[in-house]
Amino acid sequence: QTTGRGNFAFHTINLPRLAIESHISESDIEKRKTLFFDKLDGMLDDAKESLLERFRLICNKTYEKFPFTMQEGLYLTSDDEKHEVTDTIAEVMKQSTLSIGYVGLAETVNVLTGKTYGIDHEVDEFAVSIIKHMREFTDAVQKETHFNWSTFATPAEAVAGRFANIDK
């Protein structure tokens, strides 16, 4: 069931930055790709730890801190039973989703390979492999933590623009 779960928190990974760093460090395309995936793994681990820390902090909050969202049943299971204002919201928050997003897939593929996916079809599979890699990570973390995890293309033009300005 997706209704009432809520996206608890997410982090967006700036894929082009990892690609730029890899491009600067490696001239060989295959070594560049390997370095990119190493950097991506580091960012995925950091995102996981950060999201879990935030999750732990928020779960210690009580019902009195979130009267409307908890008492009106906006979260799955939040109104299944009567709660004291001093009860923590941990059980309810276990229903939500922790997410790792990304921006800049097209730019990433172009920086790493010099080609554009969707046009230069020999790199289409590589583009998909980046997202599969991220999804396999969140699937593994979901099995490890027994929480809901997702991977998505961040629908945030503002963050993409901000990342581009920083990288520039």
Can you give the charge dipole size of the chain about its Cα centre, rounded to the nearest 20 debye, using +1 on the beta carbon of Lys and Arg and -1 on the beta carbon of Asp and Glu? 260 debye
Under a 1.4 Å probe, what is the accessible area of the chain per residue, stated in Å²? 59 Å²
Sorted by accessible surface (1.4 Å probe, heavy atoms of the protein chains only), largest first, TYR75, TYR117 come out as TYR117, TYR75
Expected vector for segment 27-39, Karplus 3J(HN,Hα) from phi with 6.51, -1.76, 1.60 and θ = phi - 60°, integer Hz, x for Gly and Pro, equals 8, 6, 4, 5, 5, 4, 5, 4, 4, 4, 5, 4, 5
Pull up all non-local amide H partners of SER150: gap of 5 or more, or a different chain, and H-to-H distance under 5 Å with H placed in the peptide plane. LEU98, SER99, ILE100
Add -39500 (n - 2.57) for each DSSP H run of 4 or more in the chain, then divide by its residues: what number comes out at 222 nm, to the nearest 500 deg cm²/dmol? -17500 deg cm²/dmol
Low-density loop cleavage sites - trypsin sites (Lys or Arg not before Pro) in segment 80-142, where at most 15 other Cβ are within 10 Å (DSSP): LYS82
With all protein chains present and a 1.4 Å probe, the order of SER25, SER150 from largest accessible area down is SER25, SER150
So how exposed is HIS121, as accessible area in Å² (1.4 Å probe, rounded to 10)? 120 Å²
Note on the chain: contact order normalised by length, alpha-carbon pairs under 8 Å, 6 or more apart, percent, works out to 30 percent
Could you pull out the pairs from LYS31/LYS168; LYS39/LYS65; LYS39/LYS168; LYS33/LYS168; LYS115/LYS143 whose alpha carbons sit more than 29 Å apart here? LYS39/LYS65; LYS115/LYS143
In whole percent, and with a 1.4 Å probe on the protein chains, what portion of the accessible area of the chain is carbon and sulfur? 52 percent
Looking only at aspartates and glutamates whose Cα falls under 13 Å of LYS132's and that sit 8 or more positions away or on another chain, we get ASP41, ASP124
Could you give me the percent of Cα pairs per 10 Å distance bin for the chain, shortest bin first, beginning at zero and ending with the bin that holds the maximum distance? 10, 32, 28, 17, 9, 3, 0
Apply the Karplus parameterisation 6.51 cos²θ - 1.76 cosθ + 1.60, with θ equal to phi minus 60°, to every residue of segment 80-89 and state each ³J(HN,Hα) to the nearest whole Hz, in sequence, with x for glycine and proline. 5, 8, 6, 10, 7, 5, 8, 5, 6, 9
Hz values of 3J(HN,Hα) by residue in segment 90-103 - Karplus curve (6.51, -1.76, 1.60), Gly and Pro given as x: 4, 5, 5, 5, 5, 7, 7, 10, 9, 10, 10, x, 8, 10
Area of GLU49 that stays accessible when all protein chains are in place (1.4 Å probe, Å², to 10): 100 Å²
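The values are calculated or read from the model by the stated rules, or taken from the named source; none is laboratory data. What you are looking at is a predicted structure, and each value in this text was computed from that prediction instead of being measured. In this analysis, Cβ positions are derived from the backbone assuming ideal geometry, glycine residues included, and neighbour counts consider all displayed protein chains. Ligands, DNA and RNA are excluded from the accessible area calculation, which covers all protein heavy atoms including side chains. Shrake-Rupley method; radii C 1.70, N 1.55, O 1.52, S 1.80 Å.
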